[in-house]
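The values are calculated or read from the model by the stated rules, or taken from the named source; none is laboratory data. These numbers were taken from a predicted model, which means no experiment stands behind them. Counting neighbours? That spans all protein chains shown, and the Cβs are built from the backbone with ideal geometry, glycine included. We work out accessible area using only protein heavy atoms, side chains counted, and drop any ligands, DNA or RNA first. Shrake-Rupley method; radii C 1.70, N 1.55, O 1.52, S 1.80 Å.
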Amino acid sequence: MPLPDDRFTFERIEKGAHFALFAVFAIGVHALESLLTLPVPWLRLGLSHIVTMLLLPFYGSSFVLGIFLIRVIVGSALVGKLFSPGFILAFGGGLAATLAMIAAFRLAGKVLSFWGISLVGAWVHNLIQVFLAALIIQQASTLLLLPYFLGFALVTGSVNGILTNRILAWKDS
Amino acid sequence: MVNRGRYGTSPTRWDILLLMVLILLTVASVFAFRLTKSQGTDIWISVDGRPVGFYPLNEDRTIKVNGPIGITVVRIHNGQAAIIEAPCPHKLCQKMGPIPSHGDVMICIPNRIIVEIKGGKGRETDAITR
């Protein structure tokens, strides 16, 4: 009977160790960002999406999706927001954004830089978040916030995307 | 790991094009709420916090409401409610004009009268999140 050697190749163990390291890093970024005080309480810069974009070209879709799931659950638990309404918004928006960035990178990674990928992620994140908020509190008037949140996403998406571009360009130089 | 053309790190014309499209969609989202606004079916009138009347919007009528400083006249016409006469000095409620949608309110503070449109979709509660 052959040993299941293929399950314990060096590459797989290495990838697992990297996953653990980057998960801790992403949780840290997520938790610190939740504690960051902004003038408006529900606005976030989306710094943890930078981690997603930095990892995407090197580790692939399922890796970054796994990192997202762990960081949103453990990160929210660390700051005491697990399963709060805010968590549902962060989870739904973040999941949609992660999937959107994966799709954008796979479909259009050849023509878009991380600026474009980040814009898609931030915009989808806030779009889904406002719709979820409208559903949770059962108030259609919540949609009045949509233009502000989408406009804000264009700003944070640009900042995060250009930062990601700079980091990767610096790494490659 | 070396970048072998798997990703780009300088802004491209497609990034700019995408930004333009998203700006347009963001501006268009101003209209998202308009689509969900629903016509109200009834009005509630209260004086000093006490409900004094509940009227359907589909029948035209004129209602005289007694408040602490006089009589405020509310008129229902063509499915819309409006305050057409008020005893207060500024007549802000009168200047508001007719209100048609669920959740809209007309308030006369000096006469302590609130007219609220009810019915249609939506719930009355608000929420707080952290």
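Among the residues of the stretch B:99-115, which ones are at pLDDT 80 or above and either within 14 Å of another protein chain (Cβ to nearest Cβ) or open to solvent by 50 Å² or more (accessible area, probe 1.4 Å) (or both)?
Answer for the stretch B:99-115, where residues must be at pLDDT 80 or above and either within 14 Å of another protein chain (Cβ to nearest Cβ) or open to solvent by 50 Å² or more (accessible area, probe 1.4 Å) (or both): B:VAL105, B:ILE107, B:ILE109, B:PRO110, B:ARG112, B:ILE114.
Being more than 7 Å from every other protein chain (Cβ to nearest Cβ) and among the β-branched types (Val, Ile, Thr) is the filter here, so list the residues in the stretch B:13-26 that pass it.
Residues satisfying the conditions are B:ILE16, B:VAL21.
Show the residue pairs meeting these rules: Cβ distance below 8 Å; 6+ apart or different chains; first residue within the stretch A:33-54 and farther than 14 Å from A:GLY93 by Cα; second residue modelled with pLDDT under 80 and surrounded by fewer than 16 Cβ atoms within 10 Å (Cβ to Cβ).
Within 8 Å, the pairs are A:PRO41/B:ARG130.
Return the residues of the stretch A:150-167 that are open to solvent by less than 20 Å² (accessible area, probe 1.4 Å), farther than 16 Å from B:ILE16 by Cβ and within 9 Å of chain B (Cβ to nearest Cβ); say none if nothing qualifies.
Selection gives A:LEU150, A:ALA153, A:THR164.
Output yes when any residue across the stretch A:79-100 is within 13 Å of chain B (Cβ to nearest Cβ), charged (D, E, K, R), in a helix (DSSP H, G or I) and open to solvent by 20 Å² or more (accessible area, probe 1.4 Å), and no when none is.
no
Can you name the residue in the stretch A:103-114 that is closer than 26 Å to A:LEU146 by Cα and open to solvent by 30 Å² or more (accessible area, probe 1.4 Å) and, of all such residues, is farthest from the other protein chains (Cβ to nearest Cβ)?
Only one residue tops the list, namely A:ALA103.
Would you please name the residue that is nearest to B:THR26 (Cα to Cα), looking only at residues in the stretch A:134-144 that are within 9 Å of chain B (Cβ to nearest Cβ) and open to solvent by 20 Å² or more (accessible area, probe 1.4 Å)?
My answer is A:LEU144.
Checking the structure you have, find out if any residue of the stretch A:137-148 is at pLDDT 95 or above and not in a loop (DSSP other than H, G, I, E, B).
no
Could you run through the stretch B:10-22 and say how many residues are closer than 15 Å to A:VAL155 by Cα and surrounded by 14 or more Cβ atoms within 10 Å (Cβ to Cβ)?
4
Please give the number of the condition B:ASN78 fails out of (1) in contact (Cβ under 8 Å) with a residue 40 or more places away in the chain; (2) within 30 Å of B:ARG34 (Cα to Cα).
B:ASN78 satisfies all of (1) in contact (Cβ under 8 Å) with a residue 40 or more places away in the chain; (2) within 30 Å of B:ARG34 (Cα to Cα) except (1).
Among residues belonging to the stretch B:29-69 that are among the hydroxyl-bearing types (Ser, Thr, Tyr) and part of a loop (DSSP other than H, G, I, E, B), point out the one that is least open to solvent (accessible area, probe 1.4 Å).
Ranking the qualifying residues of the stretch B:29-69, first place goes to B:SER38.
Here is a list of conditions, (1) of a type in the set (D, E, K, R); (2) within 20 Å of A:LEU45 (Cβ to Cβ); (3) free of Cβ contacts under 8 Å to residues at least 40 places away in the same chain, and A:LYS110 meets all of them except one; can you say which number that is?
(2)
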